[in-house]
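The values are calculated or read from the model by the stated rules, or taken from the named source; none is laboratory data. Predicted, not measured: the structure shown is a model, and the values here were computed from it. A quick note on method: Cβ atoms are made from the backbone with ideal geometry, for glycine too, and the neighbour counts reach across all protein chains shown.
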Amino acid sequence: MRRQGPILGGVNKLTPDQVNWLNVILMIAACGAAMAAPFHVFLLAYAILGPLHYLTEISWLHDRQYFTQKQPMRRVWLAVVILATIAVAYGYVSSDLLHEPVAPTLEISLVYLAFFVGAMVLFVRHGVSMAALLGVCAVVLAIVSSHPTFAIAAYLLVTIVHVLLFTACFVLFGALKSSSRSGYVSLAVFVGCAVATVTLWAPSVAPSARVQALYGDGGFGQLNAILRMLFGGSEVGVMRLIAFAYLYHYLNWFSKTSVIKWHEVSRARVFAILGLWLGGISVYAYSYSAGFAVFYVLSLLHVMLEFPLNHQVMVGIAGALKPRFARRRAVEAAAT
């Protein structure tokens, strides 16, 4: 079975430092593109790079058992993810395609449950404890489901938190693990680029009515509104931040072939992924709204399947920072 294609052979030979410097270049390029034409950049990145990212990451996560260890508990978590996916698909088809709105409470609750169970499957040792925690989560979600922030927080979790905050956490974790100067530089550049999109003025291409309509049809208009409601800022600034976050999130994934080796799969799977990706791009080219409809559920599925890895990275960051803080306290104590 051939597991490495010649097209990716050069990228696969990059050292971790070279990958970090490559990502610094990609961050700056993504920031510049987002500043210049935020609506256009987002729509192109979401339609072209997005589907390939979903397909390759789901393949990679599957081969690594979704970064979970205990099979019985993993099955429980996957069952929750599947139920959430079905609920999201049903809600989207009914509300957006058939124009028969259904209350999103169940699908939102299941997304939250997938997030929390994604942590349980990593850190809870016994099935009885997991069952008890599942019951507690269900009760809490039922209680808070009527709160106005219930849907907003879930929406942010699967959009900007996934592509911006979790990406920053992965960059930070990589820098902490390697303790390399290039890793910390890449983190500083990432933060600087994100800040620049909302604070610096630069000329940009104004979106046409059609481009704005495509963006709105994709359901992302509410993301702009929520971010402006929570943090303020101009419409252009918020759109630049979103465009940068999504474009770099995809570029970051494709640049790390030598680090995470997501491309090492069978030739049959490569052809399957490429076929689905090219088919998806064709659908987007025919109708952006249709393309969004085709890949909407897949995009949410890949977000939920990544939850255990997100939790592991958070714990890894805390574990890497703890001795640093301990040494600092020891030095301060000795100095006094």
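Being among the β-branched types (Val, Ile, Thr) and under 27 Å from Asn20 (Cβ atoms) is the requirement here; does Ile226 meet it? No. Go through the stretch 144-170 and give me each residue that's in contact (Cβ under 8 Å) with a residue 24 or more places away in the chain and over 21 Å from Phe231 (Cα atoms). Within the stretch 144-170, Ser145, Phe170 qualify.
Just the residues that are of a type in the set (A, V, I, L, M, F, W, C), within 8 Å of the chain's Cα centre (by Cα) and within 20 Å of Gly316 (Cβ to Cβ), please, taken from the stretch 155-184. Before you say what the answer is, go through the steps one by one.
Within the stretch 155-184, the first condition is being of a type in the set (A, V, I, L, M, F, W, C), and the residues that meet it are 156-158, 160-161, 163-166, 168-173, 175-176.
Those still in the list that are within 8 Å of the chain's Cα centre (by Cα) too: 158, 160-161, 163-164, 166.
Scanning the stretch 155-184 gives Val161, Val163, Leu164, Phe166.
Yes/no matrix, rows are residues, columns are (1) outside any loop (DSSP other than H, G, I, E, B); (2) touching a helix residue (DSSP H, G or I) at 6+ places or on another chain (Cβ under 6 Å); (3) farther than 26 Å from Val81 by Cβ:
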residue: Gly135; (1), (2), (3): yes, no, no
residue: Ile143; (1), (2), (3): yes, no, no
residue: Phe173; (1), (2), (3): yes, yes, no
residue: Ala188; (1), (2), (3): yes, no, yes
residue: Cys193; (1), (2), (3): yes, yes, yes
residue: Asn224; (1), (2), (3): yes, yes, yes
residue: Arg228; (1), (2), (3): yes, yes, yes
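A quick yes/no check of all residues on (1) buried (at least 20 other Cβ atoms within 10 Å of the Cβ); (2) under 20 Å from the mean Cα position of the chain (by Cα); (3) touching a residue at least 12 places away in the same chain (Cβ under 8 Å):
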site: Val76; (1), (2), (3): no, no, yes
site: Asp96; (1), (2), (3): no, no, yes
site: Glu107; (1), (2), (3): yes, yes, yes
site: Ala114; (1), (2), (3): yes, yes, yes
site: Ala131; (1), (2), (3): no, no, no
site: Leu134; (1), (2), (3): no, no, yes
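The conditions of being part of a helix (DSSP H, G or I), in contact (Cβ under 8 Å) with a residue 60 or more places away in the chain, crowded, with 17+ Cβ neighbours inside 10 Å and in contact with a His (Cβ under 8 Å, 6 or more places away or on another chain) are not met by Tyr246. Taking the criterion of being touching a residue at least 60 places away in the same chain (Cβ under 8 Å) and closer than 19 Å to Ile317 by Cα, the only residue of the stretch 190-211 that qualifies is Phe190. Can we say Leu14 is buried (at least 16 other Cβ atoms within 10 Å of the Cβ), outside any helix (DSSP H, G or I), out of contact with any strand residue (DSSP E or B) (no Cβ under 7 Å at 6 or more places or on another chain) and touching a residue at least 24 places away in the same chain (Cβ under 8 Å)? So Leu14 fits the description; yes.
Only one of the numbered conditions (1) over 23 Å from the mean Cα position of the chain (by Cα); (2) part of a helix (DSSP H, G or I); (3) over 30 Å from Tyr66 (Cα atoms) is not met by Ala268, and that is (3).
Taking the conditions (1) at pLDDT 95 or above; (2) touching a Phe, Trp or Tyr at 6+ places or on another chain (Cβ under 7 Å) in turn, Gly280 satisfies each one other than (1).
Restricting to the stretch 86-120, what's the tally of residues that are out of contact with any helix residue (DSSP H, G or I) (no Cβ under 7 Å at 6 or more places or on another chain), aliphatic (A, V, I, L, M) and not in a helix (DSSP H, G or I)?
Kept after step one, since they are out of contact with any helix residue (DSSP H, G or I) (no Cβ under 7 Å at 6 or more places or on another chain), are these residues of the stretch 86-120: 86, 90, 93-96, 98-99, 103, 105.
From the residues that got through so far, the ones that are aliphatic (A, V, I, L, M) too are 86, 93, 98, 103.
Within this subset, residues satisfying the condition of being not in a helix (DSSP H, G or I) are 98, 103.
Total satisfying the criteria: 2.
When His263 is tested against the conditions (1) at pLDDT 90 or above; (2) part of a loop (DSSP other than H, G, I, E, B), the lone failure is (1).
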